[in-house]
Amino acid sequence: MNSTSDLIYDWNRVDGPEWTSTVVPRLDDETLRDGLQSPSVLDPPIEKKIRILHLMEALGIDSVNLGLPGAGPRAKEHVLRLAREISSSRLRIRPNCAARTVTSDIRPIADVVEASGVEIEVATFLGSSPIRQYAEDWTLDFLLHSTEQAVKYVVSLGLPSMYVTEDTTRARPEVIKKLYSTAIACGARAIVVCDTVGHATPRGTQALIRFVREEVVKPSAPPFALTGTAIPTAAWASPMRSRRWPPAPTRCMAPRWASVNAWVTPPWTNCWSI
């Protein structure tokens, strides 16, 4: 690789019409996952995490990332406690958990589901940008194989699959298309577009989401058939950004401010995570 353009695909330079929507977005709170990765915070005791979970419920947040149980025994135990709290308190918030595209991360989520009786969506994530491929010495074939293995394993466990490409806002269109298309073909019911490092502008985010809609979503078979409602984009790029944005004190746990994700899931409502 000889230049910056070899390492980063800049969606901010892609032209196209402005994306508009009147659909009210849904929110996914990642305070208990991405928020704990900030170097300025400590992993709080479970009692505080349960309190934060109830604050999210009170705010009307739609879904929550409970953590990455594959990180170790403490992480797994905390995720289990949170899942049981959702069940015992009859919370409406819908849980998901993060996992790398490896079985050793996915299996602990299945264990939590079995122990708690709570359905948890599995958000398997994988780096997608050329700079990440260069740093990790990953080939596209490796990415596609990892995607196929992970999504099929999640589906085989009877769990809902959410497929996440990290650093999507700096990834090449042909790579994004192949990764998402593979995940959908293997059974993923949601795909996630990430601005992991804070690279995207509103214009770039809209260009990326427009590409995913036209090149991945529309050509795909059900349940990813377009139903006429809106495709999501990040909060600051959305025409809804000035309205109905709830207060979010749960963000005070120092989340990674650059990490704003949009995802596509039936019935095609707007979604973003904070």
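The values are calculated or read from the model by the stated rules, or taken from the named source; none is laboratory data. What you see is a predicted model, and the numbers here were worked out from it, not measured in a lab. Neighbour counts are summed over all protein chains in view; Cβ atoms, including those assigned to glycine, are modelled from backbone coordinates with ideal geometry.
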| field | Members of segment 136-168 that are small (Gly, Ala, Ser) and closer than 14 Å to ALA123 by Cβ | value | ALA150, SER161
| task | Working carefully through the options GLU47, GLU148, find the one that is acidic (Asp, Glu) and under 23 Å from SER161 (Cα atoms). | result | GLU148
| query | Residues in segment 153-164: is at least one part of a helix (DSSP H, G or I) and more than 26 Å from ASP28 (Cα to Cα)? | reply | no
| said: I'd like the full set of residues that are of a type outside the set (Gly, Ala, Ser) and surrounded by 20 or more Cβ atoms within 10 Å (Cβ to Cβ), limited to segment 133-158. | reply: GLN133, LEU143, THR147, VAL151, TYR153, VAL154
| query | Would segment 99-108 turn up any residue that is surrounded by fewer than 21 Cβ atoms within 10 Å (Cβ to Cβ), touching a residue at least 12 places away in the same chain (Cβ under 8 Å) and farther than 16 Å from MET162 by Cα? | reply | yes
| request: Evaluate the following for GLU148: is it of a type in the set (Asp, Glu), more than 27 Å from ARG94 (Cα to Cα) and in a helix (DSSP H, G or I)? | output: no
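For every residue, the table says whether it meets (1) surrounded by fewer than 21 Cβ atoms within 10 Å (Cβ to Cβ); (2) touching a Leu at 6+ places or on another chain (Cβ under 8 Å).
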residue	(1), (2)
SER5	yes, no
ILE8	yes, no
ARG13	yes, no
LEU42	yes, no
ILE50	yes, yes
LEU59	yes, no
ASP62	yes, yes
LEU68	no, no
| Residue count, segment 1-43 (criterion: among the aromatic types (Phe, Trp, Tyr) and at pLDDT 75 or above) | 2
| query | For segment 168-181, which residues satisfy the criterion of being buried (at least 20 other Cβ atoms within 10 Å of the Cβ) and outside any helix (DSSP H, G or I)? | reply | ALA171
